[in-house]
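One structure below.
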Amino acid sequence: MKTCLLAMALASAVAFAAQAPGNANPADHSPAAVRAINRFNPDDPDIILGRYLFKDRLSNNPVYFVSGYMDISDAPPNSNLVSNKGNRFTSFFDQDKKYLSYVENTHPVPIPPNAAFARISLNQKLMPGLVIKVAPPADQTAGGKVFVNDICLPSTLYLLSDTPNEIFVQPFLKRWRPYDDFVRFSLSRNHPFRRRLSHVATITEPVDGSILTTELINGDEFETIKKLSSTIRVGVKGKGSGRVTAQIIGDSYTQGAFFRDALLKSGQVPGLSLIGLRKTAHAQDQYDEGRGGWRLDSYFTIPTRPGSSFHSWMHPEGDFRYWGVREFWVTAWKCFRKTAGNAFEPNYSCGRFDFCLPRFDENTGILLQPQPGDVQYDHAQSTFLLFDGNAWTPRRQEDFNWRFDYSKYLAMWGFEAPQFLFVVLGLNDFCNKLEADYSQWDQQITTLKNSYLEARPDGRFAICIPCSSCGILDNAAGSFTLKQNAAMWNFRDHLIKQFDRREQDGFYLIDTAITVDNEYGYRYLPKNDVTIPYAGCPDDVILNVQTGNPHPYNSYPNMGVPIAAFIQAFRE
């Protein structure tokens, strides 16, 4: 009997030890057992107060602490480190406590291969009740993958003075789960909000240099999963009297002039001149570079299709200039003359090139005053043509070395280099790719930035974070919008990790996506056979079915506000 009692007591003690803070390597290596351990031991003698850990270096900070070496050697591959207080600084070390890698402001924290120990730095106020666990990639007791919600915001938010600056939650929350996870906002020095609701915060009187703190809180235990801080940079509405130049490169959002209300109609950006080849819809003497359906990669292709929109950034190296497809210019003339018919195409792709047309023969599309080195493409003959000073002679594409050349684009069309260049792309690239490789996009956006800054060294190049709230599931197109939102959140998260805080490299990041209302930012169908709940339903009852997704036309006026704020903040 005594032997049995002793055995039971020992078993109980072992079980308790496996749960106690700081104990790792349980005998049971199941995902559930690994996840159960709190890796943080508040009594660890190696905890250092008044310091914080950056990579493998200790620095002074009176409000922070550095944990001891937390044993995570039992973590399965592809696991994460999760905390009930979020993550500020986390460093990983191998079994010899040699530094491996570092993660800042990301949660959950991916555990790198060969990591045996982790150290974290947090505010000392977060020590009481701190729980840090290893989350294996699959928890068999839960019957699936471990999911921890997440938020991502850039380190700087550009807001416009005396304007309702909308910050919608859904675009920056990884999964919209309004009954499980909550986002709370606060401003430094108790600066006021116009409103703070469950799905949106509005700041009408932003204070330059103030800090917006955003917390993701899980409703099960009301634990703070992640906390972010963003500095507010204010652009003064209506400031300035001189001319300011900008260009917007984009997809259907840009072709649809999402920016028109904020930049051109409101008087918020005085003296703005937009530069581009395409006439901006419903605007006087303003131009853009918007092309519906295009990806970033589209701007790195050589336009040779007569029915596809033309862009003017890919050119042969050397003293050569590419002027596009002759048949395209014939069609563009017809769109201008309104003799191309009333169909969507070719008007959508070939229309609004009014500025360019005087350079080309209306009937043949031939460049009217060619110079030696000018190149066109003849689609009927399937050949490139080079003007040698006397005649057009056939050439092959491989006879030239092609590259993206912003300076050549400016010189060809007589443009001055704009002070600001905004890129609003990515939705067509990644909205249907939940698992995506962003490496080519990163390379191409860097090439675009470098080419622009070669032409305008003092210019400001900004990536505008594209829409990550593509609407509700009940939409006329039948699009799987929730999956699109997830895919675009992944891209959003990548943009912030890859390009935020890189102003010294010439990258600025503008969060246009947070201005989109996923529900009311979209148009809804009027009553028809799609919106009737069932046959014989009373006339006053209809289903709310969105249309036009993923184009949040109702949110377009808000989407341009961060861009207006950026221009106003930096204009001379």
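The values are calculated or read from the model by the stated rules, or taken from the named source; none is laboratory data. All figures in this text were calculated on a predicted structure; none of them were measured in a lab. Heads up, the Cβs are rebuilt from the backbone with ideal geometry, glycines too, and the neighbour counts pull from every protein chain shown.
Here are a few things to note about the model shown:
- Test: residue in region 371-380 that is among the acidic types (D, E), farther than 22 Å from Y299 by Cα, at pLDDT 95 or above and touching a Phe, Trp or Tyr at 6+ places or on another chain (Cβ under 6 Å): no
- Failed criterion for W333 (all others in (1) touching a helix residue (DSSP H, G or I) at 6+ places or on another chain (Cβ under 8 Å); (2) closer than 25 Å to L425 by Cβ hold): (2)
- Verdict on L453 being modelled with pLDDT of 95 or more and under 18 Å from R502 (Cβ atoms): yes
- Scope region 452-489; condition of a type outside the set (A, V, I, L, M, F, W, C), surrounded by fewer than 18 Cβ atoms within 10 Å (Cβ to Cβ) and not in a loop (DSSP other than H, G, I, E, B); matching residues: E454, K483
- Verdict on Y348 being farther than 24 Å from G318 by Cα and part of a helix (DSSP H, G or I): yes
- Filtering region 343-383 to residues that are in contact with a Gly (Cβ under 8 Å, 6 or more places away or on another chain) and of a type in the set (A, V, I, L, M, F, W, C) leaves only C350.
- Test: residue in region 552-562 that is in contact with a Ser or Thr (Cβ under 9 Å, 6 or more places away or on another chain), part of a helix (DSSP H, G or I) and among the aliphatic types (A, V, I, L, M): yes
- For region 280-332, the strands (runs of 3 or more DSSP E) that sit wholly inside it and include 2 or more residues that are closer than 20 Å to T383 by Cβ are 314-316, 321-325.
- Residues in region 322-364 that are closer than 20 Å to F415 by Cα and either among the aliphatic types (A, V, I, L, M) or within 33 Å of the chain's Cα centre (by Cα) (or both): Y322, W323, G324, R352, F353, D354, F355, C356, L357.
- Only one of the listed residues (D96, D43) is of a type outside the set (V, I, T), within 19 Å of M127 (Cα to Cα) and either modelled with pLDDT of 95 or more or loosely packed, with under 15 Cβ neighbours inside 10 Å (or both). That residue is D43.
- Test: residue in region 298-308 that is surrounded by 18 or more Cβ atoms within 10 Å (Cβ to Cβ), touching a Cys at 6+ places or on another chain (Cβ under 7 Å) and polar (S, T, N, Q): no
- Number of residues in region 208-261 that are assigned to a strand (DSSP E or B) and within 30 Å of V131 (Cα to Cα): the value is 17.
- Restricted to strands (runs of 3 or more DSSP E) entirely inside region 29-131, those with at least 2 residues that are touching a His at 6+ places or on another chain (Cβ under 8 Å) and either touching a residue at least 40 places away in the same chain (Cβ under 8 Å) or more than 25 Å from F222 (Cβ to Cβ) (or both) are 80-83.
- Of the residues in region 392-406, at least one is farther than 17 Å from F300 by Cα and either of a type in the set (A, V, I, L, M) or out of contact with any Phe, Trp or Tyr (no Cβ under 9 Å at 6 or more places or on another chain) (or both).
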